[in-house]
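Here, each number is a calculation from the coordinates, and none is a lab measurement. Fair warning: this is a prediction, and the values are worked out from it, not measured in the lab. Heads up, the Cβs are rebuilt from the backbone with ideal geometry, glycines too, and the neighbour counts pull from every protein chain shown.
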Amino acid sequence: MNTAVRVQSPITGDASFLDSVEAYMDRALAQLSLPEGLAERIRACNSTYTVRFGVRLRGRMYSFTGWRSVHSEHVEPAKGGIRYDINSNEQEVEALAALMSLKCGLVDIPFGGSKGALKINPKEWEIHELERITRRFTQELAKRDLISPGRNVPALDMGTGEREMAWMADEYKRTGPSDIVNANACVTGKPLSRGGIEGRTEATGRGVQDAIHCFLRDLHQNGIEGRRDLPKMTVAVQGFGNVGYHAAKFLSEEDGAKVVCITEHHGYLWNDNGLDVAAVKRHQLATGTILGFEGAESHLQSAQGLEVECDILIPAAMENAITPENASRIRAKLIAEGANGPIAFAAEEILLAKGITILPDLFVNAGGVIVSYFEWVKNLTHIPFGLMERRRRERRNLHITQALETMTGQGFPEHLRDEFLEGGSEIDLVRSGLDDVMRSAYENMSRTLRSHPEIKDLRTAAYHIALGRIAEAYKAIGI
């Protein structure tokens, strides 16, 4: 019996981020045959906790508000980042938690979905003040079992980084958890010195690159107007934080794509011959802005940076960046959603009607949680990746090299020898694992799109897979 929740009214340009996420879910749920009531259970957020706490700073008491939302506990622990943003609110956190459930379902890693936020502008506080605020927030989460290796595992997000994750992990251990041996696994995205993993910082941007590779390899798709060669393609990136920077860096330096436009909230850079991504980042770090970079034209109208002509557009900033108001002006041929929810529900139909292909955030943005899973596993096993097999692989590869040299009477090519003999460092294994998970997820999306005539786009295919897996998990535990 199909009892999926339906969209009750048209989604307009004024719809919230949560409205858009729920509308995308409704569209996919309508195509799944689920037992009565299960669609509503999957759709709804399990719980959202609001915490308010005070911290004495600068000779007075300051009050702060934070949230931790658990969308689904069909698999535990629940997983999701914590952002520090003065514009955060409860609805945003619930929407992000729902996306985490779906993201983990799509890429098939054993986490439920959660998300958190603290309503704060981190730039207004000194580092030692941020530490005190973060530790107090962690105490509030720990009281409610909202940070724990086996129940709820936060990670970095917008406005937070390795530093905040290290503070949270340390404060969690100070609260005296029963499982102190595995306490380091209470958060992911930690510095290497505190139990982190190689490749976590770059993971989401690397995942964007992997996602684009998957699409261009898919012979069931037409590529970008029949073209599959990245060195001949132009790229525009909105958002030059961690995700946008690494995606642009890898696509330009490793694939030879031409990054012609980089947009931030205060304006955009343009160079039709391509931007030096690393140099732009150095300029941004030195001046606090991308504008004024000598190797490009600077423009103050940041909204127009989304509308430049390009082959690939990567919105890697905030949700609802593309709305019904600007969708008709988008001139990209492929959109790879590096951010969470950058395309509003009401805008997607406009983009698809223009013939623009959309790689959905559930897939494109999944690199971070995939590598977070690797870090969590590393923390629980207490064994660095590759420790048990690296030297064995090196010896095996050496024997293969020697056998080939004996059989052919020629030396192994020197430019390949070192790489072939290397047994695989942690970063190599992380990148390999990320690529493998991304390929598998894309193949499932492509197969679903081909085998279900009623599904017309990759986003609906992704939601169909994710919601189906969540439904099966619920049914398996008797719900």
In nm², the average projected area of the convex hull spanned by the Cα atoms of region 226-287 is 4.3 nm²
The ³J(HN,Hα) series, computed from each phi in region 32-41 with the Karplus coefficients 6.51, -1.76 and 1.60 at θ = phi - 60°, rounded to the nearest Hz and given as x for glycine or proline, is 10, 8, 10, x, 4, x, 5, 4, 4, 5
Rounded to the nearest 5, the percent of DSSP beta bridges in region 49-196 running antiparallel is 60 percent
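Which value results when the Cα radius of gyration for region 187-295 is divided by 2.2 N^0.38 Å? Numbers along the way, then the final one.
Values: Rg = 15.4 Å, N = 109, 2.2 N^0.38 = 13.1 Å.
For region 187-295, the normalised Cα radius of gyration is 1.18.
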1/(1 + (r/R0)^6) with r = Cβ-Cβ of Thr287 and Ile400, R0 = 51 Å, i.e. FRET efficiency to nearest 0.05, evaluates to 0.50
Contour minus Cα-Cα span, Lys456 to Asp255, at 0.36 nm per residue, comes to 69.4 nm
Taking every alpha carbon pair in region 49-196 and sorting the distances into 5 angstrom bins from 0 up to the bin holding the longest one, the percent per bin comes out as 2, 10, 20, 24, 22, 14, 6, 2, 0, 0
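Beyond 15 Å, how much of the Cα-Cα pair distribution for region 231-328 remains, as a whole percent? Present the calculation step by step, with values, prior to reporting the outcome.
Values: 2618 of 4753 pairs.
Of the Cα pairs, 55 percent sit more than 15 Å apart.
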So for the chain, using the alpha carbon gyration tensor with a ≥ b ≥ c as root eigenvalues (a/c under 1.5 gives rounded; past that, a/b versus b/c decides prolate or oblate), I'd call it rounded
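Relative contact order for region 49-196: what is it in percent, counting Cα pairs under 8 Å that are at least 6 residues apart?
Numbers: 300 pairs, mean separation 35.2, N = 148.
With pairs under 8 Å counted, the relative contact order is 24 percent.
So which of Lys103/Lys249; Lys354/Lys475; Lys281/Lys333; Lys232/Lys354 end up more than 30 Å apart by C-alpha? Don't skip to the answer; put the middle values down first.
Details: Lys103/Lys249 24 Å; Lys354/Lys475 40 Å; Lys281/Lys333 26 Å; Lys232/Lys354 22 Å.
Over 30 Å Cα-Cα: Lys354/Lys475.
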Distance in nm between His265 and Thr175 label points, each 7 Å along Cα→Cβ, equals 2.9 nm
In vacuo Debye sum over C-alpha of region 122-274, base-10 log of normalised intensity I(q)/I(0) at q = 0.09, 0.10, 0.21 Å⁻¹, listed in q order, is -0.43, -0.52, -1.21
